[in-house]
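No lab work stands behind these numbers, since they all come straight from the coordinates. Values in this document were obtained by computation on a predicted structure and should not be read as measured data. When we count neighbours, we look across all protein chains shown, and the Cβ atoms used for this are built from the backbone with ideal geometry, even at glycine.
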Amino acid sequence: MEQKYVDYMLDVLERLLEIPSPSGYTGRITEFLLKELRGMGYEPNTLRKGGVTVDLGGEGSPVMFFGHVDTLGGAVATIKSSGALMLSNIGGLNPNNTETENVIVITRDGQEYEGTLQVANASTHVNPNVNNPRNFRDNVEVLLDEFVTSAADTEALGIQHGDFICLEPRFRITSKGYIKSRFLDDKASSAVLLTFAKYLAEEKVTPKRNTWLSFTMFEEIGHGGATGIPDIIEDVIAVDMGCVGQGLKCTERMVSICPKDSGGIYHYDLTNELIAAAKKAGADYALDVYPMYGSDVEVTLRAGFDVRHGLIGPGVYASHGYERTHIDGLKNTYKVIHSYLIDD
Ligand SMILES: [Zn+2]
């Protein structure tokens with residue numbers, strides 16, 4: 001993988017992460033994807049419910065790769081008498097690892113307000129119960145950085161129930177190549193897919209199968225991959241975070257190939273083809289069964305599409321928290337996709 005494409009991959013990852021995109025608030029990231037893909041010379045399509053698909057060219061046996069660009073987040077559920085906000089989680093947001101994160105509240109008329117997720121009465125020197133268990137229903141709240149002391153004050157800002165609460169991702173790359181940020185699930189894989197599209201366009205390379213990308217926008221709430229698949233598509237491959245943790249072989253520096261997760265078994269032959277592609281490319285890969293995981297392509301099958309399905313992605317530790325992957329994990333994922341679609 002040429003350095004200019006590694007540079008693009010990290011740059012576009014940072015730009016994807018800068019755009020708040022909790023499931024349900026994906027207009028801005030849609031515009032970004034359309035502009036980026038059009039800039040490469042492609043003609044992307046949008047889905048009514050939200051989502052971007054694009055045909056990258058090639059002939060025969062159409063295959064579609066999914067990356068999801070929606071993230072966890074929150075919606076304003078209650079405006080408290082103090083003026084602080086209780087939130088309803090969007091996707092599997094965890095109160096324990098979101099406490100103390102900076103957030104932006106986005107209103108329906110587009111105003112943005114800063115705040116912080118804090119336990120209520122958060123001063124250790126004041127509250128003897130400050131270490132009680134956390135949950136979003138009772139004690140974790142958004143403290144707005146505004147001059148508010150009542151619900152009326154907060155409502156006067158234009159904040160209403162259902163407004164989006166978006167967490168700061170805190171992206172950084174360390175000297176050893178680790179990438180730390182929220183929402184690497186699944187913007188890391190989406191950056192890999194955009195880089196592959198850019199490579200094909202700039203190098204004028206045609207993949208050996210008709211290749212499509214789908215950037216889905218409802219994965220975190222479970223129905224991203226249910227729509228937007230043209231009838232011609234034979235295989236769907238989710239490029240989504242690989243699990244890293246106790247009992248699994250994958251690290252952040254590897255690409256994970258998943259033969260089974262808690263949602264079910266992936267297609268036997270397609271998974272073998274992905275393993276063969278990893279071997280051919282010399283990619284550092286791990287085969288792992290994910291204990292608590294479901295993917296967009298399983299949703300595709302449940303929606304009734306007759307396709308083969310597979311799942312690969314860069315190893316991501318501390319998933320749904322402050323996540324960590326590594327540049328090598330992204331490169332290894334790219335290598336598998338490249339090897340699968342292009343004969344060198
Ligand atoms: Zn994901």
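Values for this structure:
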quantity	calculated
For the stretch 154-308, share of DSSP beta bridges that run antiparallel, in % to the nearest 5	40 percent
Candidates Thr174, Thr71, Thr116, ranked by Gaussian network fluctuation over the chain, Cα under 10 Å, top entry	Thr174
Descending semi-axes in Å of the chain, equivalent ellipsoid built from Cα gyration tensor	37, 21, 18
Calculated [θ] (222 nm, deg cm²/dmol) that DSSP helices of n ≥ 4 give over the chain, each run adding -39,500 (n - 2.57)	-8500 deg cm²/dmol
Pairwise centroid distance, computed over Cα atoms, of the stretch 319-344 with the stretch 227-245, Å	14 Å
Inverse mean reciprocal Cα-Cα distance (Kirkwood Rh) of the stretch 203-342, Å	15.2 Å
Residues with amide H under 5 Å from that of Lys260, placed H, sequence gap 5 or more	Tyr266, Tyr290
The chain: relative contact order in percent, alpha carbon pairs under 8 Å with at least 6 residues between	23 percent
Cα gyration tensor, the stretch 151-260 - rounded (a/c under 1.5), prolate or oblate	prolate
Zero-based 5 Å bins, Cα pair distances in the stretch 74-167, whole percents	3, 15, 27, 27, 17, 9, 2, 1
Cα-based Rg / Dmax (Å) for the stretch 266-344	13.7, 38
Gaussian network model of the chain, Cα within-10 Å springs - most flexible of Val105, Val299, Val148	Val148
Test item: Cα-centred dipole of the chain, Lys/Arg +1 and Asp/Glu -1 on Cβ, debye	580 debye
Relative contact order for the stretch 74-167, counting Cα pairs under 8 Å that sit 6 or more residues apart, in percent	43 percent
Mean separation of Cα contacts under 8 Å (6+ apart) over length of the stretch 216-344, as relative contact order %	37 percent
Most mobile listed residue (Ser61, Ser21, Ser189) in the chain, GNM with C-alpha springs under 10 Å	Ser61
Reachable lysines, given that their alpha-carbon falls under 25 Å from the alpha-carbon of Lys49 and they are not under 8 places away in the same chain	Lys35, Lys187
Karplus (6.51, -1.76, 1.60) ³J(HN,Hα), θ = phi - 60°, over the stretch 285-301, in Hz, Gly and Pro reported as x	10, 10, 9, 9, 9, 8, x, 9, 7, x, 10, 4, 6, 5, 4, 4, 5
Whole-Hz couplings from phi, Karplus 6.51/-1.76/1.60, listed for the stretch 243-260; x for Gly and Pro	6, 10, x, 3, x, 9, 8, 5, 10, 5, 8, 10, 9, 9, 10, 10, x, 7
For the chain, share of DSSP beta bridges that run antiparallel, in % to the nearest 5	65 percent
Long pairs among Lys204/Lys335; Lys176/Lys249; Lys4/Lys260, criterion Cα-Cα beyond 24 Å	Lys4/Lys260
Dipole axis of the chain (+1 Lys, Arg; -1 Asp, Glu on Cβ), positive-most option in Thr227, Leu85, Val130	Val130
